[in-house]
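Okay, handing you the structure first.
Computed from the coordinates by the stated procedures, all read-outs in this text should not be read as laboratory data. Predicted model only: the values in this text are computed from it and were never measured. Glycine also receives a Cβ, built like all others from the backbone with ideal geometry; neighbour counts cover every protein chain displayed.
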Amino acid sequence: MKKIITIAGSNSQNSINKKLLSYTSDLLEHIERISIDLNDYVLPVYGVDFEDENSIPTAVKRLNEVFDNADGFIVALAEHNGTYTAVFKNTLDWLSRANIKVWRDKPTLLMATSPGGRGGATVLQAAVSYFPFLGANVVADFSLPSFFDNFSEDGISNTDLKKELIEKAQLFEQQLNNQFQ
Ligand SMILES: Cc1cc2nc3c(=O)[nH]c(=O)nc-3n(C[C@H](O)[C@H](O)[C@H](O)COP(=O)(O)O)c2cc1C
């Protein structure tokens, strides 16, 4: 069974990106899901001086080892001021110091949602452009705009957006299953 890591770019307990992530991973069959909560990997703010003096924190090494076992990644990014949240960017910076291929050349489904009409499109575009430099094989990306209008406890309520996500999740699953090993 393929192992996928799901990770939200948010440390909020009530994160809407965590809700989208959970809904999306439930669309996939025959996978083992490893759910990462950034609150379980609290890290100091990255700095070259800190790294020189203290090396890479144990929590980064732990997370890096979890990433070693992944066959694919689903990432849902919260947007703060048009970019990654500070907690996510900090984690990404630390992970890139442990292994520049953060995403291990594995199939990656990128998503973002926000309460606004752009649905985190700006942070999503940043990730689509840059994650390949960190070893992501970006299979598809999906933005869910106006979260509170388009998502209920049953999941995505907008028919077109739901269809789009299902198609992208299927594409991701195909890529996952096409991998050798
Ligand atoms: C400091 C801050 C900056 C924000 N900037 C944006 C933004 O640039 N674009 C946007 O769509 N929403 C923005 N928001 C609203 C977030 O999208 C909203 O808080 C959302 O719930 C974050 O995702 P999460 O619930 O998964 O953490 C911002 C919120 C905060 C607290």
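If you scan the stretch 11-33, which residues turn out to be within 15 Å of the ligand (Cβ to nearest atom), in contact with a strand residue (DSSP E or B) (Cβ under 8 Å, 6 or more places away or on another chain) and part of a loop (DSSP other than H, G, I, E, B)?
Correct list: S15 only.
Looking only at the stretch 96-136, count how many residues are closer than 28 Å to G47 by Cα, of a type in the set (S, T, Y) and buried (at least 21 other Cβ atoms within 10 Å of the Cβ).
Matching residues across the stretch 96-136 total 1.
Kindly indicate which of I5, I36 is under 14 Å from the mean Cα position of the chain (by Cα), under 22 Å from Q170 (Cβ atoms) and either within 16 Å of the ligand (Cβ to nearest atom) or surrounded by 22 or more Cβ atoms within 10 Å (Cβ to Cβ) (or both).
That would be I5, the only listed residue that is under 14 Å from the mean Cα position of the chain (by Cα), under 22 Å from Q170 (Cβ atoms) and either within 16 Å of the ligand (Cβ to nearest atom) or surrounded by 22 or more Cβ atoms within 10 Å (Cβ to Cβ) (or both).
Tell me, which residue of the stretch 68-83 that is crowded, with 22+ Cβ neighbours inside 10 Å and of a type outside the set (D, E, K, R) is farthest from I36 (Cα to Cα)?
For the stretch 68-83, the residue satisfying everything is A78.
In the stretch 116-150, how many residues are closer than 20 Å to K19 by Cα and either in contact (Cβ under 8 Å) with a residue 24 or more places away in the chain or within 12 Å of the ligand (Cβ to nearest atom) (or both)?
19
Could you check the stretch 137-155 and list, in sequence order, the residues that are buried (at least 19 other Cβ atoms within 10 Å of the Cβ), in contact with a Phe, Trp or Tyr (Cβ under 7 Å, 6 or more places away or on another chain) and farther than 17 Å from V75 by Cα?
None; the set is empty.
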